[in-house]
Structure formats: C-alpha cells, structure tokens
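Contents: one structure, followed by commentary.
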Amino acid sequence: MSWIQRNWFVLGIFAAVLLGLLFPSLSVLNSSGIITTGIVIGLFLSIGFTLPVNALKSGLANIRLHLFMQFFIFILTPLYYFLITSVLDLPADLRIGILALAVLPTTVSTCIVFTQASGGNTVGTMFNAVLSNVGGVFLSPLLLSLLLQGAGRDIPASVLASIILSLCWKMLLPLIIGHLANRIYTRRWVVNKKKVGSFNNLLILFLVLFSIARSASDQAFIENLTKMGGGVLLIALSFYLLTALAYVLGKALKFSSEDMISILYAAPQKTLAMGVPLLSAYFADDPQLLGTVLIPLLFYHPWQIMNAGVVRMLSVMNRRGEDSLEGKRS
C-alpha cells in the first residue's frame, strides 16, 4: 500500500491513458474545450502559487552554471532531437511529439528533490528550474514553431502570434496572478505545498484523460500508436545519451561536484507539470494531433524518474574521482 501511495501519480498516468483509450466517448464532455482550458488556467494559477521565485534572487551568482543549464535545456537538447529525427524514418505525428518534448523546460520539483538528496547544488538547481519554466512559456512554443518549420510544417506568423497570445492569457497571466496571491496568502496562512502539489497532479491526470479520449475517437490515432515502438525506444536511449553528454561537458568545463549533480538531474529532465498544459494550449486547434504529441512526454516522465539511480551513480563516480584527485595532491 505504501508503494502505491508513493507512486500514485505515475500509476495515475497509465490509468488516465488506458481510460482515455477505452472510453473515447468521454471527450464529449469536453467538446467545446472549456474543461481543458479551465484545467490549464487552474494549473498555472497553482504553479504560480507554489513556484519558488525567491530562488531567482539567491541563485544569481553562479552565472556560468546557469548559462550552461539553459543552453543544454533549450538549445542542445532540441538540436539533438531535431537532427536525430531528421535522419530516422518516423511517423510525422510522432516526430512532432518528440520535438515537442525536446523544447520543454526541466522539471519543476523532481530535479530539486533529487539534487538535494544527492548533496548537490540545490540552489543552482532551483534557480534553473524556475528560470526555465518561466522562460519556457515563451521559449518553448517559439522553439517548437522553428523546429516544425525546419521539419516542413510551416506555421504562418499570424497563427504563431495567435498561439503566443493564447498561451499568455491561459498560462502567463495565471502564473503571475498565482504568484501575487502567494505573496498575500502566505503572510496570513501556512501553505501546505504537498497538498497543492497533489492537487496539481490530479489536474494533470484529468488533462491527460480528456486529451487521450479526444484523440482516441479518431481511428488514425489508434493506428499511430502501433507505430510508436521505435520512437519510444529512441526516447529511452536518448535519455542516457543526453545524461552522458551533460556529464562529459560538465567535466570538460570543470564544474564542481555539487554543480555536476545539479547538471545531471536538471539538464536532461523534461517537465510534465508544465508540458501537458503548454502542449494542450499549443495544439488546442488540433485536438486529434494532441494525443499523439503527448505520448513521448507521458513516457519520458516516469522513465526519467526510474532512471534517477543511473544519474545518482554518475554523480557518485564524479565525487569519488574528485576525492581521489584531492588525495593525490595532498
């Protein structure tokens, strides 16, 4: 029972996908899109309410680490996935889903928890998690539009402007309102962030359920699922490759062991909490495509959590190497 309580969200993702596939008629409840729009706005109000913005103030000093992290998250990772999907024969919808995964920010809280547990630079991780998630509201859709154009899916400037405007009122405005509410609210009451986080996760599960159900009503989506094995394998292997690349580059740039732990946990991870509502808003005019686009992210989230042990092993190896070097010098 305790295992189920600890992993209820990951289990919930599988349940939401399965229910959406088995009961596509649930999409009728959200035929106008009002429910999913309300969920997205509610999520970003809640995220703004709990986002540790104070970390931006306390973590400003380590500019070298921040530049590397943001470069890895928003430039190196999208470039890698763009190049690798260009040379592989993948279904068009699956490729869009992988590119959508590539442009997302790092996780909001998971990377912070893992960094703290491993003795890494927690403030550095927190700073980059906040910075990438706030900046990702603008950067992720812009990068995705550029990658899609490069993949032969042109998006007119007027359509892109409409998407950005939609994201601003659905995501950025609630994010700001949530943060302002936090500053007022926490002066009077103690905020139970664990309960707020559980509420966020529940909203995400409903968003996944309605998105998959809407897509499952189209037979083409079911056919696409049968072709996703190669894409899922690519994403699984790419996590290891990107983690190894972060390790090699971090060592080459001579980051401290604490910064290396921060890099290994934050740089290769992708956020589900921000990713699902962001992609739901981005593809709001193409709900049949949305279900396929979400599959890579829905796989990547539990995969990166399950492989935290691999990252822990790399961080331990790095620390032992530094300790050994120090011993020889002394």
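The values are calculated or read from the model by the stated rules, or taken from the named source; none is laboratory data. All figures in this text were calculated on a predicted structure; none of them were measured in a lab. Here Cβ is always computed from backbone atoms with ideal geometry, including for glycine, and neighbour counts include all displayed protein chains. The accessibility values were calculated without ligands, DNA or RNA, using every heavy atom of the protein model including side chains. Shrake-Rupley method; radii C 1.70, N 1.55, O 1.52, S 1.80 Å.
Comparison of Val276, Val293, Val311, Val316 shows that the only residue that is at pLDDT below 80, β-branched (Val, Ile, Thr) and open to solvent by less than 10 Å² (accessible area, probe 1.4 Å) is Val311. A single entry from Gly135, Gly124 fulfils the requirement of being crowded, with 21+ Cβ neighbours inside 10 Å and either in a helix (DSSP H, G or I) or in contact with a Pro (Cβ under 6 Å, 6 or more places away or on another chain) (or both): Gly124. Of all residues in the stretch 228-240, those being within 14 Å of Pro268 (Cα to Cα) and either in contact (Cβ under 8 Å) with a residue 12 or more places away in the chain or open to solvent by less than 20 Å² (accessible area, probe 1.4 Å) (or both) number 5. Within the stretch 246-284, being over 28 Å from Phe9 (Cα atoms), in a loop (DSSP other than H, G, I, E, B) and not hydroxyl-bearing (Ser, Thr, Tyr) holds for Leu253, Lys254, Phe255. Every condition in (1) open to solvent by less than 10 Å² (accessible area, probe 1.4 Å); (2) touching a residue at least 24 places away in the same chain (Cβ under 8 Å); (3) under 21 Å from Ser162 (Cα atoms) is met by Ser145 except one, and the failing one is (2).
When each of Leu233, Leu203, Leu264, Leu272 is tested for being touching a His at 6+ places or on another chain (Cβ under 7 Å) and not small (Gly, Ala, Ser), the lone residue that passes is Leu272.
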